[in-house]
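What follows is a short report on a single structure.
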Amino acid sequence: WMTTMVCCAALTACVSTWCVNAVVWHDPVSVRVRDGPVHAVMQGTVRAPVTVADTFEADCRSEARLTRATIDGVDMVTSVDVRLYASGEQCAALARDARYRFSGHLAENEFGGQQVRLTLDDVQGARLASAPPLASRIVAHMQEAFFAATDDLSDQTRVLVPGLTIGVLGSERYTARSGAASDIDATYAGQLEERFRRSGIMHLMAVSGGHFVLVAALVRRLCARLLAHRYVVAVATAGAYLGLSALMFPSDSVTRALIMGCLTAAATAAGRRPQAMSALCWTVVIVIVARPDMAASYGFALSCAAVFGIITCTGAIAARLERFLPAIVAEAVALTVAAQCCTLPVQILMEPAIPLMSVPANLIVSPVVGAATITGLACLLTAWCCPPVGGALAWVAGWGTKVMECCAMWLGGDDRMTLPWADGVTGAVSVLGAEAAIVALVMAVDRLRTDGRRLQARADEWQAMRNRYERIGLWINHTPKVFGSWEDRADHSPDNRGKCPAMRRD
């Protein structure tokens, strides 16, 4: 039955992927764009916040889903997702979850997840059709207040605190007030990002399950203090997950953490103990069936692989490390090694290099990550209503990110801190082979140690048995001699001298 379930899930994912790809391939806009760039008038919704563009041809970028398009006088219905680029005043006019009437050029996108690229015209490229919902406006206001709380601080704080808290580096933020990119030193920001990548702690700059775990722990502790029913605990936890995901910048890792957290809350409501592996498997199935394009997402793959490694390997690695290290240090090292080993093949597909200092770097920053994250979230929740408190919390969070910056600059400041590796599928497969060989070697050493202990135990048992038999033999051999010595003493005693043997025996 297990094999049948796996096969059914795989077939369902394949059929879903084929259907989605077929819809995208036959979409009228996709068909027209494959013939070459074209100018069009469109209607659509912006689905992501505006960030600094990754190309010199535009100032900002976002993502949008088109609903209608007019190309060469032909009006057509579409549902294609596009990577949106704009410049100047058009960037300031874009807001998440708002509907617009776009005017610009459509072309095939060579980079990014979307297959179509939309570059807005400089004049009236985006005209507002309907304002975003109230919830989206509240979130946008809170995020702007959060960024404003860090504006008067150092470049390190302005870059890292937003990255640690909401998943976007401060250098990637587009400043709508001035109509230009952020005034953070671009050279410093690029160098800092590269050092984080070399040292193996770049994952701290993306919202992951750690944020949701911290928030869920706070909610459950509060509910336990209030003696709340498990239904209340489940609803409060799910609400905290949904609110946190709404405040974060959208990413594939946030999607994974949100769905997995909601499944865990559902298990709590049902009165069952949450099972992380089951929740992870259901999350992967649900996400890939609902959005097959996530199967090609590096962020989703990295998030799932890290959770899989933490669930399956942390205990075994920690048990072996506790022979040599204190329990707290062994658990921290095991957590890092487990996540690193499972995500390494995916990282090789992204960048053919292995960060050699990942374990010590994560150990150094682990004491401050949780405190800095909680302080950053507190800043996000208070900056919109009390800017001085938000600024103070951002300053405190900046001290935590200062430790991360020093660690990254120290351990990631040299090319020798990374090991070059083969790229592509070949590199990923070779990494898997190397990890399998290391696991086999560790298991063989453990087996030899176990067999050695068994042989030693058996040798000790045989030695103990031999000693027992030797003692019995000595007792048997020496007992007659003892009695014989007693007879000799009796024969030579003064009372028996001169008597016959019969009388002596009597």
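The values are calculated or read from the model by the stated rules, or taken from the named source; none is laboratory data. Since the model is a prediction, treat every value here as computed from it, not as a measurement. Neighbour counts run over all protein chains shown; Cβ positions are idealised from the backbone, glycine included. In case anyone asks, the SASA skips ligands and DNA or RNA and just uses the protein heavy atoms, side chains included. Shrake-Rupley method; radii C 1.70, N 1.55, O 1.52, S 1.80 Å.
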- Estimated Rh, the chain: Kirkwood, alpha-carbon pairs, angstrom: 27.4 Å
- Message: For segment 244-397, take the convex hull of the Cα atoms, compute a quarter of its surface area, and give me that in nm², please.
- Response: 11.8 nm²
- Message: Suppose we flag GluC sites (Glu not before Pro) only when DSSP calls them loop and at most 10 other Cβ atoms lie within 10 Å. Which is the longest uninterrupted stretch of the chain?
- Response: 111-506
- Item | segment 1-60: trypsin sites (Lys or Arg not before Pro) falling in loop per DSSP and having at most 12 other Cβ within 10 Å | Arg34
- Message: Quick one: 3J(HN,Hα) in Hz for segment 151-166, Karplus 6.51/-1.76/1.60 with θ = phi - 60°, rounded, Gly and Pro as x.
- Response: 5, 8, 9, 5, 4, 4, 5, 5, 7, 8, 4, x, x, 6, 8, 10
- Given the candidates Pro49, Ala330, Val307, the one whose Cα lies deepest towards the positive end of the charge dipole of the chain, counting +1 at each Lys or Arg C-beta and -1 at each Asp or Glu C-beta, is Ala330
- For the chain, percent of DSSP beta bridges that are antiparallel (nearest 5) comes out at 90 percent
- Three semi-axes of the equivalent ellipsoid, segment 195-307, Cα gyration tensor, whole Å, largest first: 26, 17, 12
- Where in the chain lies the longest segment free of chymotrypsin sites (Phe, Trp or Tyr not before Pro) that are both loop residues by DSSP (not H, G, I, E, B) and have at most 10 other Cβ atoms within 10 Å? 112-323
- Can you work out the accessible area per residue across the chain, with the rest of the protein chains kept in place, probe 1.4 Å, in square angstrom? 56 Å²
- Hey, any idea what % of the chain's accessible area is carbon plus sulfur with a 1.4 Å probe? 64 percent
- Note on the structure: dims of segment 20-167, Cα set, principal axes, largest to smallest, nearest Å -> 51, 32, 30
- Per-residue HN-Hα couplings for segment 372-378, Karplus 6.51 cos²θ - 1.76 cosθ + 1.60 at θ = phi - 60°, whole Hz, x for Gly and Pro? 5, 5, 4, 5, x, 5, 4
